[in-house]
Amino acid sequence: MDEIRVRIAPSPSGNLHIGTARTALFNYLFARKNGGKYVLRIEDTDAERTSQAYIDNIFDSLKALGLNWDEGPDVGGEYGPYTQSERFDIYPKYAQILLDKGFAYECYCTPEELEAEKEEAAKNKQAYVYSKKCENLTEEQKEKLKAEGRKPAIRFSVSKAQQAFHSSPVIHFNDLVKGDLHQDTSLIGDFVIMKSNGTPTYNFAVVVDDMLMKISHIIRGEDHISNTFKQILIYEALGADVPKFGHLGMILAPDRSKLSKRHGATAVSEFVEKGYLTEALLNFVALLGWSPSDGVEIKTLDEIAQDFRIGEVSSSNSIFEYDKLNWMNGQYIKKMDIKKLTEMAKPFLKKYDLSELSEEQLEKVIAATREPITILSELEHDTAYFFGKDIEYDEGVKAENIDTEQAQNILKYFDSQLDSYDFDNEEKLHEQMADFRTYFKENYGIKPKVTMWTIRAALTGRTRGADMGVILEVLGKDKVKYRIEKAIA
Ligand code: GLU
């Protein structure tokens, strides 16, 4: 079998969309599973919609996800992507081949003329297809139009290609995901392959590039199915092998509409900024179409690659369940290596003076607060009381847990004991706190948890949070004393 080669071909008209990340992942998985190569190509033929910031975002996001591409122009020991705008000298050569073979022709129609055709079709309630007005222009007619200052675009003759390679206008292909797909090509107008400014259109550039890059399998979103019929005809007209195609269902929001900003984050970088881990994101998007054969959903990229079969990918749309992503992200946060997690947490703790804590203390704080959070941004709230001198009380906490006579007695006694506490020894602190709770239970019949609520409230302003031993140890004696005495006052 020929070499398996796939590609991801994003257009840089926005940051890397989570849907494109899924397409990239499925291509990557297909390549890994089949010992193939995975290529990145930036499709920036539309200069107006392209920006370098988006290109950078696409690179960075793919790399952060671990979807590194296997080849491309060498940029200082690393692979750059293939970029269509750097290949503009290539496309006219292939357009010329199509012109020479009679599968393409120059079109001198002005935008106004084309607009008039479209209006006419709309008036007659007909779907618009180009009139083919320019298909049979003589050399003389062309010279005359050129003399008027018109520059031709190049159009592909759909009917000529169809007649040359297919017995019927209805052409078929066997999609790797969706099975047999067909289209009546007589409904496809002769489309532009080279614009009058000399740049290629998407359908043409994509075929030339996939042909030259020897792409064997094209895995992409189902929104490209209608383009596929045009592309098949171009491959055939160029005398190239037609690759295999697999079209993935769309990713929809929970309300079944197109996933968009109003539902939440849509770009990979937005998810990361909100506190999602790229490992969790990747695992989550894999499940949008693919299901593990053993039913275990949490898997590494390597495990998924082993279990991935394109023919088993669901052909229907997938729903992007933010709740499920949150759950999954929480699972990854829970298991992540603590040093790595602490590093990832830092950008979410910018509000605080991190120099108040040693690296080791910060790791303790993160380890003690990583559950039950689902996204890293929650850490800002959940670690708040570890920083600064003073705390804010949650509503009702002071009245219920600090200002009562019983609470004041607990706090006063605690304050009197503090000098005997060993603040450098978490284990010891646990024992001392246990003795403290027992004292109030035995002498005053106060439930241990009530005693602890008071201490916790005075130290954190809350009645829930991290392990008390960690809180006492990280805050240290001076801060503990300060907050307790402030609560007494
Ligand atoms: N550049 C196209 C897009 O971003 C992808 C084309 C393709 O995969 O063929 O939608």
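Helix 52-65 axis versus longest C-alpha principal axis of the chain: approximately 60°, rounded to the nearest ten. Annotation: the residues SER186, SER318, sorted from fewest to most other C-beta atoms within 10 Å of their own C-beta, follow the order SER186, SER318.
Kirkwood's formula applied to the C-alpha pairs of region 376-417 gives a hydrodynamic radius of 12.2 angstrom. Pairs of Lys residues in region 1-106 that lie 8 or more places apart, or on two chains, and have C-alpha atoms under 27 angstrom apart add up to 4. When both region 211-278 and region 449-485 are represented by their alpha-carbon centers, they are found 52 Å apart. Computed on the chain, the Cα convex hull volume stands at 209 Å³ per residue.
Distance between the modelled labels on GLN417 and GLU115, one decimal in nanometres: 8.4 nm (7 Å Cα→Cβ projection). Enumerate the lysines that LYS447 could reach by cross-link, defined here as Cα to Cα under 18 Å, with residues fewer than 8 away along the same chain left out. Result set, ordered by chain and number: LYS412. Can you give the net charge of the other residues whose Cβ lies under 10 Å from the Cβ of ASN174, counting K and R as +1 and D and E as -1? Computed value for this residue: 0. By the count of neighbouring beta-carbon atoms within 10 Å, fewest first, HIS263, HIS247, HIS381 end up ordered HIS381, HIS263, HIS247. In terms of Cα atoms, the Rg and Dmax of region 295-419 work out to 21.4, 71 Å. Count Lys and Arg as plus one, Asp and Glu as minus one, and take only other residues whose Cβ is under 12 Å from that of CYS107; the net charge is then +2.
Annotation for LYS144 and THR463: the two label points, set 7 Å from Cα along the Cα-Cβ direction, are 9.1 nm apart.
Packing, as the average of other Cβ atoms within 10 Å across residues, places the peptides 401-414, 119-132 in the order 401-414, 119-132, highest first.
Assuming R0 = 35 Å, what is the FRET efficiency of HIS182 and LYS93, from their Cβ-Cβ distance, to the nearest 0.05? Once rounded, the FRET efficiency stands at 0.65.
Looking at the chain alone, DSSP beta bridges between its own residues are antiparallel in about 55 percent of cases. Annotation: average projected area of region 23-80 is 4.6 square nanometres, based on the convex hull of Cα atoms across all directions.
Estimated at 0.36 nm per residue, the fully extended path between ALA127 and ASP241 surpasses their Cα-Cα distance by 37.9 nm.
Taking the Kirkwood radius as Rh and the Cα radius of gyration as Rg, region 245-312 has a ratio of Rg/Rh equal to 0.99. Extension gain, ASN197 to ASN326: 0.36 nm times the residue separation minus the Cα-Cα distance gives 41.7 nm. Only DSSP H runs of four or more residues enter the estimate; each adds -39500 (n - 2.57), and after division by the residues of the chain the mean residue ellipticity at 222 nm equals -14000 deg cm²/dmol. Normalising the average separation of contacting C-alpha pairs (under 8 angstrom, six or more residues apart) by the number of residues puts the relative contact order of region 173-299 at 22 percent. Potential lengthening of the chain between GLU3 and GLN306 amounts to 107.2 nm, from the contour at 0.36 nm per residue minus the alpha-carbon distance. In region 403-431, which residues have a backbone nitrogen under 16 Å from the label point lying 7 Å from GLU442's Cα in the Cα-to-Cβ direction? Counting backbone N atoms under 16 Å from the label point, the list is 431.
Once the Cα atoms are used to define both axes, helix 448-460 deviates from the longest principal axis of the chain by about 70 degrees.
In the chain, Cα pairs under 8 Å separated by at least six residues give a relative contact order of 13 percent. Ordering TYR276, TYR82 from the fewest to the most neighbouring beta carbons within 10 Å gives TYR82, TYR276. Relative to the compact-globule estimate of 2.2 N^0.38 Å, the Cα radius of gyration of region 273-340 comes out at 1.15.
Each reported figure results from applying straightforward, stated rules to the coordinates on display, with no laboratory input. This one's a predicted model, so the numbers in the text were calculated from it and none came from an experiment. Virtual Cβ from ideal backbone geometry, glycine too; neighbours counted across all protein chains shown.
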